[in-house]
Amino acid sequence: MRRTAFMADTTALILFFTTTGMINERWIAGMAWDQVLHARLIGAVLMVPVARPYGLWRDWVMQRAGSGRVSKLLWDSVALVSFQVPIYAAIIAFSGASGSGLVRGTLGAALMMLCLGRPYGAFLNWVRGVFGLPPGGEKPMSLDS
């Protein structure tokens, strides 16, 4: 089960954020295509060890969400921004972004992740389903239920 959860979370993170990262790096941060490629290669390598910890972080954060759409949207966004933005800033800095490009890229990523928190959470849950796993972030059953 652990290996399957690792594979599901890693697959979801790589597929989803390779695409969105390229968009941000090229058209928001203004990075050259060779810098984008470098950032995506570093990103893919770093996504492997952080995908499952992020999945666990998200599951923990999502336990605070209510059953409503707005609550899930808010908490999915909080989970994504708080975990991924610092990592992303380091990736693009190491890949050549500096000064205003680094600031724009990091702010762009933060805004994107605020918007993409819930779509990524839903995608992650879908990928987990494809791997035969339950969605994460469920509130534990209380003894009263």
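Over the Cα atoms of region 84-128, Rg to Rh with Kirkwood Rh, two decimal places?
1.11
Charges only on Cβ, +1 for Lys and Arg, -1 for Asp and Glu: so what's the dipole of the chain about the Cα centre, in debye to the nearest 20?
Working: 13 positive and 7 negative charges, 29 e Å.
Using Cβ point charges on Lys, Arg, Asp and Glu, the chain gives about 140 debye.
Note down the net charge around LEU13, summing +1 for each Lys or Arg and -1 for each Asp or Glu among other residues with Cβ under 11 Å from its Cβ.
With Lys, Arg at +1 and Asp, Glu at -1, the neighbours total +1.
Among LEU102, GLY43, PHE131, whose Cα projects farthest towards the positive end of the dipole of the chain, with charges put on the beta-carbon of Lys, Arg (+1) and Asp, Glu (-1)?
Toward the positive end, the furthest listed residue is PHE131.
Any idea how far the Cα center of region 58-135 sits from the one of region 38-55, in Å?
13 Å
If you take mean projected area of the Cα convex hull in nm² from the coordinates, which of (i) 8.8; (ii) 12.2; (iii) 9.9 do you get?
Among (i) 8.8; (ii) 12.2; (iii) 9.9, the one calculated here is (i).
Take every Cα pair under 8 Å in region 27-145 that's 6+ residues apart, average their separations, divide by the length, and report that relative contact order as a whole percent.
Contact order relative to length: 34 percent.
Averaging over every viewing direction, what projected area does the convex hull of the Cα atoms of region 1-82 cover, in nm²? The partial results should precede the final answer.
Details: hull surface 24.7 nm².
It is 6.2 nm².
Using helices alone, I'd like the mean residue ellipticity at 222 nm for the chain: each DSSP H run of four-plus residues gives -39500 (n - 2.57), total over residue count, nearest 500.
Value at 222 nm, helices only: -27000 deg cm²/dmol.
Roll a 1.4 Å probe over the protein chains and send me the accessible area per residue for the chain in Å².
56 Å²
The values are calculated or read from the model by the stated rules, or taken from the named source; none is laboratory data. Just so it is clear, the model here is predicted, and its values are computed rather than measured. Here the Cβ is made from the backbone with ideal geometry for all residues, glycine too, and neighbour counts use every protein chain on show. Surface accessibility is based on the protein's heavy atoms, side chains included, excluding ligands, DNA and RNA. Shrake-Rupley method; radii C 1.70, N 1.55, O 1.52, S 1.80 Å.
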